[in-house]
Each structure stands twice: as C-alpha cells, then as structure tokens.
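To keep things clear, I will list the structure first and then write my remarks on it.
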Amino acid sequence: MLMQSSCLLSRTEKEEGGEERRSGMGKKAEAACRDARNLVLGKYEMGRVLGKGTFAKVYHGRDLRTGESVAIKVINKDQIRREAGMMEQIKREISALRLVRHPNVVELREVMATKTRIFIVMEYVRGGELFARVVRGPLPDDQARRYFRQLISAVGFCHSRGVSHRDLKPENVLLDHNGDLKVSDFGLSALPEQLRHDGLLHTQCGTPAYVAPEVLRRQGYDGVKADIWSCGVILYVLLAGFLPFRDDNLMRMYRRVLKAEYQIPPWFSGDARRLVSRLLVADPEKRISIDAIMHHPWFNKGTHRKDPNPVPPPQAEPAPAEVEEQKPGTPSFYNAFQLISSLSSGFDLSSLFEYRRPAGTVFTSRLPAAAILERVERVGRGLGFSVQRTKSFKVKMERKNEGWKGRLGVTAEVFEVVAEVTVVEFSKLSGETSDYTKFCEEDVRPGLKDIVWTWQGDHAGVATNEDGGEEKQ
C-alpha cells in the first residue's frame, strides 16, 4: 500500500502558478516503482521483450546476483489452464530441459511461479537462430560440418537421457556469441513415460517440412529415429540453402516425404551426398544411427580423433544448497524449483521431481534464519529429540526412543530464497517413514505455525503484476 501511494505521489504536482513539476521525492518514488515492477521475486531484472507467443512472452533479463544476462519466459497460468494440453506441455518442457544439461542445449537456470505467472529462466543466447544463417544461401562444408557435429552431439545426448525433441529445425537451433550451436524449444519433446505398451510414440507433432515419414503414417514411431530424420533435413538445408521437401500444396509435400523423394544438388561432395542419403531414408529401420553418423567420413573430415565429438556424460545437478557459493554466516541460497512453484495454486511443479514430500516438510518464513533455527531447536527438544547444530544453518535432531527401524533422525536446514524470505526444509535421515510423516504433519506443522508464512502446497501469499513484479496479497 505504501508503494502504491508513493507511485501515485510520483505524478506531477501543481505549483501555485499552475505549472506542473515533479518533486525530487516523486522522481525517486517513480524510479522505485519502476525497479520493483521489473524485478522477478527479487532475483532477476526484466528488460526488453525478445519474443511473444500465444501464452508466453520471453524477456531479456539480468541475474542480480551475477550480473549475467538471461532469457526469462513468462507464462500466463490462466491462459494455459484454458487450453487443453498446454499445462502438460510446459511441464514436459521443464522436465526435459532438466534432464539434458549439455553444452549444445540451451541451459535451464531456474523455474519459479506465483499465483498467476510461471517464470522459466534460461541461458541467454545472443547469436540468433541458425535459420538466419541459411536463408542467405548454402554454407561451406566446414561451417556446415561444425554445426552438424554440435547438433548430433546435443541430440545424441538427449536420446541417451530418454528425451526425443520432436521439433528439430533451424528455427529451434540458436547460435551463441562464439558461434556455437544451442538446441532450444523442448515444448514438443517426449519423455520415456509417454511411450505406449508397444514402446512407440503416437502423437503426431513437428513442423511439416522436417517431420519424419513414420510420424505422418500415424502408426507409432520411435522418437530417436524421427529426430535423426529431422537432423538429415537440417544438414540438407545447411548444404543446399533450401528444403529437400517443399511444395505449395501440403498434401503433395507429404507424399514426397512419405516416399523420401528429393533431389541432391550437384555441389554436394560425395561424402555429404552419401550421408544425406542415409539420413533421409523413408524406412526408419534402415536409417543411420547416431553412432554411425559420428563415424561417417564426412562427419570426421578434418579431425584425427577417434571420436570427434563425443557425447559428454550427464552433468550432475547441484543440490539446492550448492546452487550458489555460501558466504560465511549466511544461509544457502535456495534454487526454488520445488518450493516456489509449489506455492502457487493449480500448478505444482514439484510433481516433476523425484518424489513427493509429506505435508509439513517445507515452509517459508519472514523471520531471520537465526531466529527460525532457534525456534526449530526449541520445538525439537520439546518433542524429546536430541538436537545438534551441524552447520551454521542446519540442525540434526534424533528421537531418543527407538522405533521398529531404529531412531527417527531428521535434519532441518534454512535457505535464503529472496530478500527477507527464507525456506526451512525438513528431511528424514533414519527411522520409519510413517513416523517421519507423523512427525511432520502432527508435530512440526502445529509447533511452528506462528513463524510460517506459507507451507509447500498451500496457496501462496504472493502474486505478480503484469510486468512480472511482486505484489503482496
């Protein structure tokens, strides 16, 4: 309310002579309003719009902790609730991006949500779309090879993690400031749980000029092999400067795709011609594999390494407490994939992660971390637990009497989310799960109710305005 009043006061004020002027205080208040409006949960500053879609806008942003540029995708939750399948598509995109941390895949940094918005924070890729490079004409072999190697490395890694992209095309491939390729837009991606009993995918999706013949046949398809076809179309476009399957009549184009009817331009080298011919094969069972692509002469030209572009091992994701280097005497910074998203009604991103927590295991508070820990320790001792401070902002508690699976052991750790908002997270170390669930729901929740701002899964106390800033409810 104070901020709203200040914003109103920042408008022009009448002087006695009828002239309008802005007071110095008004200018400061206006600047404060503008800054607050452009902040996302106190962590990111939002700038210009980079792109717009039906349900989302993508903004250029700045990480206030590091000063690094990011891309922030802001999704209107009310709109996606009204559109069948959109909620699942967004969940799938987030889940896929978490699985495929690779140098040639756009990196997902963080997911946050309020009652009305979802914020997907991603790596900012400065160089634009690969499409912009190919519309000017065919690329030299060496440049096309560099891009194709990086594409195959990224796609092969995705497949090794169980993710099929299903919409590979130059418009969904970005280039960074070093000219390195980054695969983006996993909105149509498929995860292992989407496979039917026959082990195949059955959803027809993708972009017509890049979609594999088996997808058009509607009889089920292997997402890995369909992606390889799309990679073949991309390679053709890189070397030719135009599409292999193009027609003003969509049905005629589909017939050509189904039969793999295309012409290879005469300027393709012999090795390039042979590789494209093995990629764009109508029968997916006869199509070349990722491994065979990586051992093909055209792919390996100019390198003497046995494996020219190996698929890197999965990158371990940091635990929440390791997301940011901890300063002495301060709580760790909590990457709010699980927490902030679950504070909003109707869209619980915590369902994307490995397990569901019992009620009463995660809450936010407005109190300082030290005061919260002191209160947790007091409640623990009152419940008959031995209490030990293991780190500055972490407490270990153990029940003195033993259960069927030994003594119940619990940790409570405090993290900082944004300024003046902390998270307390309880975890089970030992003992019976039923005892831990009862402890969380019947002991922790009522014992700490007066210091809690909101519990995980309850309706949140924050919302966002149209520009992504916070509003108190």
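The values are calculated or read from the model by the stated rules, or taken from the named source; none is laboratory data. All of these numbers come straight from a predicted model, not from anything done at the bench. Here Cβ is always computed from backbone atoms with ideal geometry, including for glycine, and neighbour counts include all displayed protein chains.
All of Val70, Val40 fail the test of being surrounded by 12 or more Cβ atoms within 10 Å (Cβ to Cβ) and at pLDDT 85 or above, apart from Val70. Only one of the numbered conditions (1) outside the structural domain of Ala240 (by TED's automatic domain parsing); (2) surrounded by 17 or more Cβ atoms within 10 Å (Cβ to Cβ) is violated by Arg145, and that is (1). Scanning the range 132-142 for residues that are within 15 Å of Gly179 (Cβ to Cβ) and assigned to a helix (DSSP H, G or I) returns Ala132, Arg133, Val134, Asp142.
Selection within the range 72-130: residues that are out of contact with any Lys or Arg (no Cβ under 8 Å at 6 or more places or on another chain) and of a type in the set (Lys, Arg). The member of this set that is farthest from Glu193 (Cα to Cα) is Arg126. Could you tell me whether Ala260 is within 27 Å of Leu200 (Cβ to Cβ) and either surrounded by fewer than 19 Cβ atoms within 10 Å (Cβ to Cβ) or in the same structural domain as Gly137 (by TED's automatic domain parsing) (or both)? Criteria met by Ala260.
When the range 282-299 is filtered for residues that are under 14 Å from Cys231 (Cα atoms) and either buried (at least 17 other Cβ atoms within 10 Å of the Cβ) or among the aromatic types (Phe, Trp, Tyr) (or both), the ones remaining, listed by number, are Pro284, Arg287, Ile288, Ile290, Ile293, Met294, Phe299.
Annotation note: Cβ proximity below 8 Å between a residue of the range 239-257 that is without any contact (Cβ under 8 Å) to a residue 60 or more places away in the chain and at positive phi and a residue that is surrounded by 12 or more Cβ atoms within 10 Å (Cβ to Cβ) and in a loop (DSSP other than H, G, I, E, B) (sequence gap 6+ or interchain) occurs for no pair. Looking at the structure I just gave you, is Gly179 touching a helix residue (DSSP H, G or I) at 6+ places or on another chain (Cβ under 6 Å) and not in a helix (DSSP H, G or I)? For Gly179, the condition - touching a helix residue (DSSP H, G or I) at 6+ places or on another chain (Cβ under 6 Å) and not in a helix (DSSP H, G or I) - is not met.
For His159, only one of the following conditions fails: (1) in a loop (DSSP other than H, G, I, E, B); (2) touching an Asp or Glu at 6+ places or on another chain (Cβ under 8 Å). What is its number? Here His159 clears every test but (1).
Scanning the range 263-281 for residues that are over 37 Å from the mean Cα position of the chain (by Cα) and crowded, with 17+ Cβ neighbours inside 10 Å yields one hit, Phe268. Identify the residue in the range 362-387 that is in contact with a Lys or Arg (Cβ under 9 Å, 6 or more places away or on another chain) and within 18 Å of Phe439 (Cα to Cα) and, among all such residues, is surrounded by the fewest Cβ atoms within 10 Å (Cβ to Cβ). Only one residue fits best here, namely Gly384.
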